[in-house]
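Reading through the structure tokens given below for one structure.
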Amino acid sequence: MSYYIRGKLELKSKPLDKVAILNFNLDEDINCKPGQYIMAWIPNYGEIPLSPSFCSDKKLQLLVEDVGTTSNKFVNLELGSYAYFRGPFGNFFNLSKGNKYLLVAGGTGAAPILMAAKNLSELNVEAIVIYGGRSKNHLVFLEEFNKYLRKVYAYTEDGTFGYYGVVTKDLQSIIDSFSPDVILTTGPEMMMRKVIEISVKNKIYCEASIVRIIKCASGVCGSCVLEPLGLLTCKDGPVFNGNVLINSNFGKTMRSESGREVEIK
Amino acid sequence: MELVTKISGITLRNPFMNASGVLSQTVSLLKRLQEAEVGAVVTKSITYEERKGYENPTFIKINCGYLNAMGLPNPGFREFLKELSLCRDEFKVPIIVSIAPSEPKQAREMATTFKNIASAIEINLSCPHSEKLGLEVFNDAKLTESIVKNVKDGFDKPVFCKLPPYRNEVLGIIDSLDNCDAFVVSNTIRAMKIDIKAKKPVLSNKFGGLSGKALHPISLALVFELYEKTKKPIIGVGGVESWEDAVEFFLAGASAVQVGSVLEKKGITIFKELVEGLEKYLKEERISLEELIGLAHDS
Ligand SMILES: Cc1cc2nc3c(=O)[nH]c(=O)nc-3n(C[C@H](O)[C@H](O)[C@H](O)COP(=O)(O)OP(=O)(O)OC[C@H]3O[C@@H](n4cnc5c(N)ncnc54)[C@H](O)[C@@H]3O)c2cc1C
Ligand SMILES: Cc1cc2nc3c(=O)[nH]c(=O)nc-3n(C[C@H](O)[C@H](O)[C@H](O)COP(=O)(O)O)c2cc1C
Ligand code: FES
């Protein structure tokens, strides 16, 4: 057996210049739960953690944003090319924590929330989503969310689609009218911090899937540390409870590749 | 049973520590180790300048253990010192600072800098995958000797040398390491993994270091042999995944044991398991830890 599971790029769309939705056919099964991640490798370029929007039956869908060397290679991968995957790693969203789920997804972080939406609809759990992005074409999973959920609140920062403003703008009033048991979120860190603050204030159980520098993906090297508790994003996470995050450096600082403390902007 | 032990005059509440490089590059992680009942904490190997480390893949699990080529990522000794200085008082257990110098002057400067923080310095002479560091230093006997002497001159507490698992090379150099106070045995073995479908080495650095299960009998043999060749205390490290593996190291002559990659499998609770397992064993065998150390040797 090969060490990695090989995937062939079968289908690709590029909703934005720097964003691609990639559909791979895998040689073997990887079964990812929503929030879990895989390590995605292109030999001679690198390997990065990605949370799939779909991952079972030898099929894998990824939403990748080009932010550097390896993600750039993924976004520009040509049809028929191979990439290599291992996993799944980490924990996942709790989908049996209540009867009403409010999902909050920002920009290109939406992939694991889409998988959660699909699974919740299969479980017949009532769920709605607030989905925000810079502009209409940034809402790349709009159609899919509409397929799985009875209500999609869309927000764009330039007002080109849905409501005008950021994803957290009407969060409080949506909470008031929907009364969710659970809030799940992914997206830019500052956005998630805001969602968590509002959830905690409303005493609603909340989970967020967060990003730190993943190297070993095994809870050994310490690179992905969430401080001050010394939790490991790669293994204890990437999904954390809002009460843990609100008392942490989440939204304030993280560690760079060398382990230097850097501020989150 | 009493698990308190001493290495070169440093008292440890128990003989278990983390291995350098595992959960040890930030104060928050070292504190988590302290809470997990380690006898001492060992820091990530710190270099003179900041290092980002290598690109991923950097760590993989294979049938007989683990391979890593992290590339010694660390924020550089000044930055690390700053972080550690702020929290020194929160550590009740000894802090062993691992340094990976490439030349004597820098080695001395780093050692001097950690004077008020470290209970001991561990010199990494054995990382098998970094240019001009670790094993490449070790392979130059004169340079090694000079680095160890400079660290000793700049630091008035014990200095440990972390050695590679290569028997002949280690036995060849051991007499010239008189300046060091204890040996840490051993680091990983240079190794490789190739993916047969990608048809390429998996680690971005191609070569890495083998740790875990396969390393245990190799490190163990070297600890056993060194115990007969030197009077200095030895810290055993390599593939300890249970208290039984650790007991083998004590029997071979190690005074303390470090554990690393097992955290992938068992998490940080491994330390509690080691402490409880050793306590129970000592009680059942009616023997003290001191008596256990080196007991596998004749006479
Ligand atoms: C659990 C998890 C799930 C993720 N899911 C997705 C996803 O579905 N889609 C997506 O586009 N991105 C996702 N990311 C982020 C993605 O992993 C990074 O954008 C990617 O690693 C950048 O690598 P690079 O080589 O392209 O960039 P580089 O050139 O290496 O660096 C660019 C920037 O990316 C960040 N980065 C670099 N390496 C890592 C790393 N190993 N881990 C995390 N961040 C890093 C750093 O902030 C860096 O400054 C996820 C991250 C995590 C931790
Ligand atoms: C992820 C990782 C990082 C490591 N970093 C260092 C390091 O910075 N300095 C060092 O001396 N050894 C380092 N090592 C080697 C370990 O300290 C230890 O010697 C080796 O892993 C064998 O022990 P084990 O089998 O219990 O893991 C590292 C090992 C791993 C797995
Ligand atoms: S990435 Fe190494 S501990 Fe999390």
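Output the number of the condition that A:Asp236 fails; it satisfies all remaining conditions of (1) without any contact (Cβ under 8 Å) to a residue 40 or more places away in the chain; (2) open to solvent by 10 Å² or more (accessible area, probe 1.4 Å); (3) within 14 Å of another protein chain (Cβ to nearest Cβ).
Unmet condition: (1).
Test A:Leu95 against the stated conditions and say whether it is over 24 Å from A:Ser173 (Cβ atoms) and more than 18 Å from the chain's Cα centre (by Cα).
no
Considering B:Ser211, B:Ser204, which residue is within 16 Å of ligand 3 (Cβ to nearest atom), closer than 30 Å to A:Lys8 by Cβ and open to solvent by less than 70 Å² (accessible area, probe 1.4 Å)?
B:Ser204
Which numbered condition in (1) open to solvent by 30 Å² or more (accessible area, probe 1.4 Å); (2) assigned to a strand (DSSP E or B) is the only one that B:Ile235 fails?
So B:Ile235 meets the others, but not (1).
Go through the range A:55-64 residue by residue and tally those that are surrounded by fewer than 17 Cβ atoms within 10 Å (Cβ to Cβ) and at pLDDT 95 or above.
1
Go through the residues of the range A:225-232 one by one and say whether even a single one is of a type in the set (A, V, I, L, M) and away from chain B (no Cβ under 12 Å). Let's see the steps before the verdict.
Just the residues of the range A:225-232 that are of a type in the set (A, V, I, L, M), to begin with: A:225-226, A:229, A:231-232.
With the extra rule that they be away from chain B (no Cβ under 12 Å), the set shrinks to none.
No, there is no match, as no residue in the range A:225-232 is of a type in the set (A, V, I, L, M) and away from chain B (no Cβ under 12 Å).
Looking at the range B:136-169 only, could you name the residues that are of a type in the set (A, V, I, L, M) and either open to solvent by 10 Å² or more (accessible area, probe 1.4 Å) or in contact with a Lys or Arg (Cβ under 7 Å, 6 or more places away or on another chain) (or both)? Spell out the reasoning first.
Taking the range B:136-169 and keeping what is of a type in the set (A, V, I, L, M), we get B:137, B:141, B:143, B:147-148, B:151, B:159, B:163.
Scanning the range B:136-169 gives B:Ala141, B:Leu143, B:Val151, B:Val159.
Tell me the residue from B:Ser261, B:Ser299 that is farther than 24 Å from B:Ser176 by Cβ, in a loop (DSSP other than H, G, I, E, B), open to solvent by less than 30 Å² (accessible area, probe 1.4 Å) and hydroxyl-bearing (Ser, Thr, Tyr), please. Quick ask: steps written out before the conclusion?
On the way: B:Ser299 fails: open to solvent by less than 30 Å² (accessible area, probe 1.4 Å).
The match here is B:Ser261.
If you go through the range A:181-211, how many residues are part of a loop (DSSP other than H, G, I, E, B), buried (at least 21 other Cβ atoms within 10 Å of the Cβ) and within 16 Å of ligand 3 (Cβ to nearest atom)?
Final tally of qualifying residues: 1.
Taking only the range A:245-260 into account, find how many residues are closer than 19 Å to A:Thr186 by Cβ and within 16 Å of ligand 3 (Cβ to nearest atom).
4
Regarding the range A:135-157, can at least one residue be identified that is of a type outside the set (Lys, Arg), open to solvent by less than 50 Å² (accessible area, probe 1.4 Å) and touching a Pro at 6+ places or on another chain (Cβ under 7 Å)?
yes
Just one of (1) away from chain B (no Cβ under 14 Å); (2) open to solvent by 50 Å² or more (accessible area, probe 1.4 Å); (3) under 21 Å from B:Asp195 (Cβ atoms) trips up A:Lys73, so point out which.
(1)
Looking only at the range A:142-161, count every residue that is closer than 19 Å to A:Leu171 by Cβ and either touching a helix residue (DSSP H, G or I) at 6+ places or on another chain (Cβ under 7 Å) or of a type in the set (Phe, Trp, Tyr) (or both) and tell me the total.
8
Of the conditions (1) more than 11 Å from ligand 3 (Cβ to nearest atom); (2) in contact with a helix residue (DSSP H, G or I) (Cβ under 9 Å, 6 or more places away or on another chain); (3) in contact (Cβ under 8 Å) with a residue 24 or more places away in the chain, A:Pro228 satisfies every one except a single condition; which number is it?
(3)
Among what's in the range B:11-23 and is open to solvent by 20 Å² or more (accessible area, probe 1.4 Å) and away from ligand 3 (no atom under 15 Å from the Cβ), pick the residue that is farthest from the other protein chains (Cβ to nearest Cβ).
B:Thr11
The values are calculated or read from the model by the stated rules, or taken from the named source; none is laboratory data. None of the values given here were measured: they were computed from a predicted structure. Backbone-built Cβ (ideal geometry, glycine too); neighbour counts: all protein chains shown. Surface accessibility is based on the protein's heavy atoms, side chains included, excluding ligands, DNA and RNA. Shrake-Rupley method; radii C 1.70, N 1.55, O 1.52, S 1.80 Å.
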